[in-house]
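Trainee: Let me begin by handing over the structure; questions about it come next.
The values are calculated or read from the model by the stated rules, or taken from the named source; none is laboratory data. Since we're looking at a predicted model, the values are computed, not measured. We place every Cβ from the backbone using ideal geometry, glycine too, and count neighbours over all the protein chains shown. Ligands, DNA and RNA are stripped out before the accessible areas are found, and what is left, the full protein with its side chains, is counted by its heavy atoms. Shrake-Rupley method; radii C 1.70, N 1.55, O 1.52, S 1.80 Å.
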Amino acid sequence: MIKALTLDAAGTLIYPRENVGTSYCRIAAEFGALLDASALAQAFKSVFADMPPMACDASDAADLDAQERDWWRHLVRQVTNRAGGIKAFDAYFDRLYAYFAQPNAWGLYDEVLPLLQTLRARGISSAVVSNFDSRLLPILQGLGVSELVGGVVYSTAANSAKPDAGIFRQATALLDLPAAHCLHLGDHPVADYQGARAAGLQALLVHRGAPDQMPATDCITNLSEALARFQN
(Lines give C-alpha, C1' and ligand atoms only; values in the text may rest on other atoms or scores of the structure.)
Protein backbone atom coordinates (compact mmCIF):
# COMPACT_ATOMS: atom_id res chain seq x y z
CA MET A 1 0.00 0.00 0.00
CA ILE A 2 1.28 3.47 -0.90
CA LYS A 3 1.25 5.79 2.10
CA ALA A 4 3.39 8.73 0.98
CA LEU A 5 4.44 10.68 -2.08
CA THR A 6 7.90 12.02 -2.89
CA LEU A 7 8.27 14.58 -5.64
CA ASP A 8 11.09 15.93 -7.74
CA ALA A 9 11.31 19.73 -7.94
CA ALA A 10 12.52 21.23 -11.24
CA GLY A 11 10.46 19.91 -14.14
CA THR A 12 7.94 18.30 -11.80
CA LEU A 13 6.79 20.96 -9.34
CA ILE A 14 8.51 24.06 -10.67
CA TYR A 15 9.94 25.42 -13.91
CA PRO A 16 11.97 28.52 -14.88
CA ARG A 17 9.55 31.27 -15.89
CA GLU A 18 12.02 32.34 -18.55
CA ASN A 19 14.04 30.10 -20.84
CA VAL A 20 17.46 29.52 -19.25
CA GLY A 21 19.29 30.78 -22.32
CA THR A 22 17.17 33.92 -22.33
CA SER A 23 17.93 34.58 -18.66
CA TYR A 24 21.66 34.07 -19.16
CA CYS A 25 21.54 36.38 -22.19
CA ARG A 26 19.44 39.10 -20.56
CA ILE A 27 21.62 39.30 -17.45
CA ALA A 28 24.82 39.18 -19.55
CA ALA A 29 23.63 42.31 -21.33
CA GLU A 30 23.62 44.12 -17.96
CA PHE A 31 27.40 43.55 -17.91
CA GLY A 32 28.01 44.62 -21.50
CA ALA A 33 28.12 41.15 -23.05
CA LEU A 34 25.86 40.61 -26.06
CA LEU A 35 25.50 36.84 -26.22
CA ASP A 36 23.11 34.67 -28.20
CA ALA A 37 20.30 33.15 -26.14
CA SER A 38 20.06 30.04 -28.33
CA ALA A 39 23.79 29.41 -28.08
CA LEU A 40 23.62 29.81 -24.30
CA ALA A 41 20.67 27.43 -24.05
CA GLN A 42 22.45 24.79 -26.12
CA ALA A 43 25.65 25.22 -24.14
CA PHE A 44 23.78 24.93 -20.85
CA LYS A 45 22.16 21.68 -21.92
CA SER A 46 25.48 20.21 -23.00
CA VAL A 47 27.53 21.38 -20.02
CA PHE A 48 24.91 20.46 -17.44
CA ALA A 49 24.79 16.89 -18.78
CA ASP A 50 28.56 16.55 -18.28
CA MET A 51 28.74 18.03 -14.78
CA PRO A 52 29.51 15.80 -11.77
CA PRO A 53 26.66 14.95 -9.37
CA MET A 54 25.36 17.95 -7.44
CA ALA A 55 26.34 16.54 -4.04
CA CYS A 56 28.53 18.17 -1.39
CA ASP A 57 30.43 16.81 1.58
CA ALA A 58 30.22 20.00 3.63
CA SER A 59 31.27 20.60 7.23
CA ASP A 60 28.85 23.47 7.88
CA ALA A 61 26.44 25.87 6.16
CA ALA A 62 29.19 28.20 4.98
CA ASP A 63 31.15 25.34 3.47
CA LEU A 64 27.99 24.03 1.78
CA ASP A 65 27.27 27.46 0.27
CA ALA A 66 30.84 27.72 -1.00
CA GLN A 67 30.72 24.28 -2.61
CA GLU A 68 27.34 24.97 -4.21
CA ARG A 69 28.58 28.23 -5.68
CA ASP A 70 31.75 26.59 -6.96
CA TRP A 71 29.69 23.91 -8.74
CA TRP A 72 27.53 26.49 -10.46
CA ARG A 73 30.42 28.86 -11.15
CA HIS A 74 32.21 26.10 -13.03
CA LEU A 75 29.08 25.38 -15.07
CA VAL A 76 28.26 29.01 -15.83
CA ARG A 77 31.84 29.81 -16.86
CA GLN A 78 31.84 26.96 -19.36
CA VAL A 79 28.41 27.92 -20.70
CA THR A 80 29.25 31.58 -21.21
CA ASN A 81 32.70 30.84 -22.65
CA ARG A 82 31.11 28.65 -25.33
CA ALA A 83 28.84 31.57 -26.25
CA GLY A 84 31.61 34.18 -26.42
CA GLY A 85 32.52 34.91 -22.81
CA ILE A 86 31.89 37.71 -20.30
CA LYS A 87 34.69 39.99 -19.09
CA ALA A 88 32.99 40.88 -15.82
CA PHE A 89 32.33 37.22 -15.09
CA ASP A 90 32.42 37.28 -11.27
CA ALA A 91 29.88 40.10 -11.02
CA TYR A 92 27.75 38.43 -13.70
CA PHE A 93 27.82 35.10 -11.89
CA ASP A 94 26.76 36.67 -8.57
CA ARG A 95 23.84 38.40 -10.27
CA LEU A 96 22.77 35.25 -12.12
CA TYR A 97 23.07 33.05 -9.04
CA ALA A 98 20.96 35.46 -7.00
CA TYR A 99 18.34 35.68 -9.75
CA PHE A 100 17.68 31.94 -9.74
CA ALA A 101 17.30 32.02 -5.93
CA GLN A 102 14.22 34.25 -6.26
CA PRO A 103 10.82 32.53 -6.15
CA ASN A 104 9.52 34.84 -8.87
CA ALA A 105 12.12 33.40 -11.27
CA TRP A 106 10.21 30.13 -11.08
CA GLY A 107 6.70 29.05 -11.99
CA LEU A 108 4.59 26.40 -10.28
CA TYR A 109 2.66 23.91 -12.36
CA ASP A 110 -1.08 24.48 -12.00
CA GLU A 111 -1.94 21.24 -10.23
CA VAL A 112 0.83 21.35 -7.62
CA LEU A 113 -0.86 23.25 -4.79
CA PRO A 114 -4.26 21.52 -5.25
CA LEU A 115 -2.51 18.15 -5.20
CA LEU A 116 -0.52 18.92 -2.05
CA GLN A 117 -3.60 20.33 -0.33
CA THR A 118 -5.55 17.16 -1.20
CA LEU A 119 -2.76 14.95 0.13
CA ARG A 120 -2.69 16.87 3.39
CA ALA A 121 -6.48 16.72 3.75
CA ARG A 122 -6.35 12.95 3.25
CA GLY A 123 -3.50 12.49 5.73
CA ILE A 124 -1.01 11.38 3.08
CA SER A 125 2.59 12.38 3.77
CA SER A 126 4.76 14.01 1.13
CA ALA A 127 8.32 15.26 0.66
CA VAL A 128 10.37 16.90 -2.05
CA VAL A 129 13.45 15.00 -3.26
CA SER A 130 15.56 17.05 -5.65
CA ASN A 131 18.97 17.38 -7.26
CA PHE A 132 19.22 21.02 -6.27
CA ASP A 133 21.09 23.33 -3.92
CA SER A 134 20.13 25.39 -0.87
CA ARG A 135 18.31 27.95 -3.01
CA LEU A 136 15.50 25.42 -3.33
CA LEU A 137 14.31 26.15 0.22
CA PRO A 138 13.42 29.84 -0.26
CA ILE A 139 12.04 29.07 -3.72
CA LEU A 140 9.58 26.49 -2.38
CA GLN A 141 8.78 28.68 0.60
CA GLY A 142 7.97 31.63 -1.63
CA LEU A 143 5.79 29.53 -3.93
CA GLY A 144 3.72 28.12 -1.06
CA VAL A 145 5.00 24.55 -1.32
CA SER A 146 7.02 24.21 1.88
CA GLU A 147 4.06 24.53 4.23
CA LEU A 148 2.28 21.66 2.46
CA VAL A 149 5.04 19.03 2.48
CA GLY A 150 6.71 17.16 5.29
CA GLY A 151 10.20 18.15 4.28
CA VAL A 152 12.67 18.87 1.49
CA VAL A 153 15.68 16.67 0.75
CA TYR A 154 18.07 18.29 -1.72
CA SER A 155 21.19 16.71 -3.10
CA THR A 156 23.90 19.15 -2.05
CA ALA A 157 22.97 18.87 1.63
CA ALA A 158 22.25 15.14 1.34
CA ASN A 159 25.66 14.50 -0.24
CA SER A 160 23.79 12.22 -2.61
CA ALA A 161 22.25 12.99 -5.98
CA LYS A 162 19.61 10.99 -7.83
CA PRO A 163 19.73 8.31 -9.14
CA ASP A 164 21.90 7.35 -6.15
CA ALA A 165 19.82 5.49 -3.58
CA GLY A 166 21.17 7.54 -0.68
CA ILE A 167 19.00 10.57 -1.31
CA PHE A 168 15.90 8.41 -1.55
CA ARG A 169 16.81 6.67 1.71
CA GLN A 170 17.05 10.05 3.42
CA ALA A 171 13.59 10.93 2.13
CA THR A 172 11.97 7.72 3.31
CA ALA A 173 13.68 8.12 6.69
CA LEU A 174 12.25 11.63 6.89
CA LEU A 175 8.80 10.23 6.17
CA ASP A 176 9.43 7.36 8.61
CA LEU A 177 8.17 4.81 6.11
CA PRO A 178 9.61 1.79 4.29
CA ALA A 179 10.59 2.62 0.71
CA ALA A 180 7.99 0.21 -0.66
CA HIS A 181 5.21 2.38 0.81
CA CYS A 182 6.40 5.51 -1.02
CA LEU A 183 5.59 6.62 -4.55
CA HIS A 184 8.04 8.94 -6.32
CA LEU A 185 7.07 11.32 -9.12
CA GLY A 186 9.67 12.93 -11.34
CA ASP A 187 10.36 13.93 -14.93
CA HIS A 188 13.77 12.30 -15.47
CA PRO A 189 13.72 8.65 -16.66
CA VAL A 190 17.03 7.76 -15.00
CA ALA A 191 17.36 10.08 -11.99
CA ASP A 192 13.74 9.84 -10.93
CA TYR A 193 12.08 6.74 -12.33
CA GLN A 194 14.97 4.27 -12.41
CA GLY A 195 16.63 5.76 -9.34
CA ALA A 196 13.52 5.55 -7.20
CA ARG A 197 12.72 2.00 -8.28
CA ALA A 198 16.28 0.86 -7.61
CA ALA A 199 15.98 2.34 -4.11
CA GLY A 200 12.83 0.32 -3.49
CA LEU A 201 10.21 3.03 -4.02
CA GLN A 202 7.38 2.82 -6.48
CA ALA A 203 7.64 5.40 -9.25
CA LEU A 204 5.81 7.20 -12.01
CA LEU A 205 7.48 9.22 -14.75
CA VAL A 206 6.00 12.67 -15.28
CA HIS A 207 5.76 13.31 -19.02
CA ARG A 208 4.41 16.76 -19.87
CA GLY A 209 5.18 16.50 -23.59
CA ALA A 210 2.98 15.44 -26.47
CA PRO A 211 0.83 12.39 -25.62
CA ASP A 212 1.98 10.53 -28.75
CA GLN A 213 5.57 10.76 -27.49
CA MET A 214 4.80 9.31 -24.07
CA PRO A 215 6.70 6.18 -23.03
CA ALA A 216 4.47 3.15 -22.74
CA THR A 217 4.63 2.35 -19.04
CA ASP A 218 4.29 4.05 -15.66
CA CYS A 219 3.75 7.56 -17.01
CA ILE A 220 1.45 10.41 -16.06
CA THR A 221 0.91 13.76 -17.77
CA ASN A 222 -0.40 15.55 -14.68
CA LEU A 223 0.64 15.09 -11.05
CA SER A 224 -2.97 14.76 -9.94
CA GLU A 225 -3.17 11.43 -11.78
CA ALA A 226 -1.04 9.95 -9.00
CA LEU A 227 -3.94 10.26 -6.53
CA ALA A 228 -5.51 7.17 -8.09
CA ARG A 229 -2.62 5.12 -6.66
CA PHE A 230 -3.74 5.83 -3.09
CA GLN A 231 -6.52 3.78 -1.55
CA ASN A 232 -9.40 5.81 -0.16
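Trainee: Taking the Cα centre of region 1-127 as origin, work out the dipole magnitude from +1 charges on Lys and Arg Cβ and -1 charges on Asp and Glu Cβ, in debye rounded to 20.
Mentor: Values: 12 positive and 15 negative charges, 70 e Å.
Computed about the Cα centre, the dipole is about 340 debye.
Trainee: Cα axis of helix 20-29 to longest principal axis of the chain: angle in degrees, 0 to 90, nearest 10?
Mentor: It is inclined by approximately 30 degrees.
Trainee: Over region 59-116, what percent of the accessible surface lies on carbon and sulfur atoms, probe 1.4 Å?
Mentor: Here carbon and sulfur together make up 52 percent of the probe-accessible area.
Trainee: Let me have the relative contact order for region 109-171, percent, based on Cα pairs under 8 Å that are six or more residues apart.
Mentor: Values: 77 pairs, mean separation 21.2, N = 63.
Result for region 109-171 is 34 percent.
Trainee: Separate question: What is the chain's relative contact order, in percent, from Cα pairs under 8 angstrom and six or more apart in sequence? List each step's numbers first, then the result.
Mentor: On the way: 396 pairs, mean separation 57.7, N = 232.
It comes to 25 percent, rounded to a whole number.
Trainee: Give me the lysines in straight-line cross-link reach of Lys3: C-alpha distance below 28 Å, same-chain residues under 8 apart excluded.
Mentor: Partners within reach: Lys162.
Trainee: Sorted by accessible area (1.4 Å probe), largest first, how do Ile139, Ile124 line up?
Mentor: On the way: Ile139 0, Ile124 25 Å².
Solvent-accessible surface, decreasing: Ile124, Ile139.
Trainee: As a test of the formula, what do you get for the chain when each DSSP H run with n ≥ 4 contributes -39,500 (n - 2.57) and the sum is divided by the residue count, at 222 nm and rounded to the nearest 500 deg cm²/dmol?
Mentor: Working: 9 runs with 93 residues, N = 232.
Rounded to the nearest 500, the figure is -12000 deg cm²/dmol.
Trainee: Please give the length that would be gained between Lys45 and Tyr15 if that part of the chain were fully extended, namely 0.36 nm times their separation in residues minus their C-alpha to C-alpha distance (nm, one decimal).
Mentor: Values: separation 30, 0.36 × 30 = 10.80 nm, distance 1.51 nm.
Stretched out fully, the Lys45 to Tyr15 stretch lengthens by 9.3 nm.
Trainee: Write down the accessible area per residue of the chain in Å², having rolled a 1.4 Å probe over the full set of protein chains. All intermediate terms of the calculation are to be shown ahead of the outcome.
Mentor: Values: 10820 Å² over 232 residues.
Here the per-residue accessible area is 47 Å².
Trainee: Going toward the positive end of the dipole of region 127-201, with +1 on Lys and Arg Cβ and -1 on Asp and Glu Cβ, which of Ala196, Pro138, Leu185 do you reach last?
Mentor: Value computed over the given set: Ala196.
Trainee: Placing unit charges on C-beta atoms (Lys and Arg positive, Asp and Glu negative, everything else neutral), compute the dipole magnitude of region 73-126 about its Cα centre in debye, rounded to 20.
Mentor: On the way: 7 positive and 4 negative charges, 41 e Å.
The dipole magnitude comes to about 200 debye.
Trainee: Another question, then. For region 131-205, with all protein chains present and a 1.4 Å probe, just round the carbon and sulfur fraction of the accessible area to a whole percent.
Mentor: Details: 1450 of 2840 Å².
Answer for region 131-205 is 51 percent, counting heavy atoms of protein chains only.
Trainee: Additional query: So, counting K/R as plus one and D/E as minus one, what does the shell of residues with Cβ under 14 Å around Val47 add up to?
Mentor: On the way: positive: Lys45, Arg73, Arg77, Arg82; negative: Asp50.
Charge balance near Val47 sits at +3.
Trainee: Quick check for me: using +1 on Lys/Arg Cβ and -1 on Asp/Glu Cβ, what's the dipole size of the chain about its Cα centre, in debye to the nearest 20?
Mentor: Numbers: 18 positive and 24 negative charges, 47 e Å.
Computed charge dipole of the chain: roughly 220 debye.
Trainee: Could you check which residue among Ala49, Ala161, Ala101 shows the biggest mean-square fluctuation in a GNM of the chain with a 10 Å Cα cutoff?
Mentor: Evaluated over the chain, the most mobile residue of the options is Ala49.
Trainee: Separate question: Count the net charge of all other residues whose Cβ sits under 14 Å from the Cβ of Ala29, scoring Lys and Arg as +1 and Asp and Glu as -1. Mind dumping the intermediate values first?
Mentor: Numbers: positive: Arg26, Lys87, Arg95; negative: Glu18, Glu30, Asp36.
Computed value for this residue: 0.
Trainee: Now a separate question. First select every other residue whose beta carbon is under 10 angstrom from the beta carbon of Val206; then total the charges, Lys and Arg +1, Asp and Glu -1.
Mentor: Details: positive: Arg208; negative: Asp8, Asp187, Asp192, Glu225.
The answer is -3.
Trainee: Something else: Let me check against my output: what whole-number percent is the relative contact order of region 48-185, with C-alpha pairs under 8 Å and at least 6 apart?
Mentor: On the way: 152 pairs, mean separation 38.0, N = 138.
This gives 28 percent for region 48-185.
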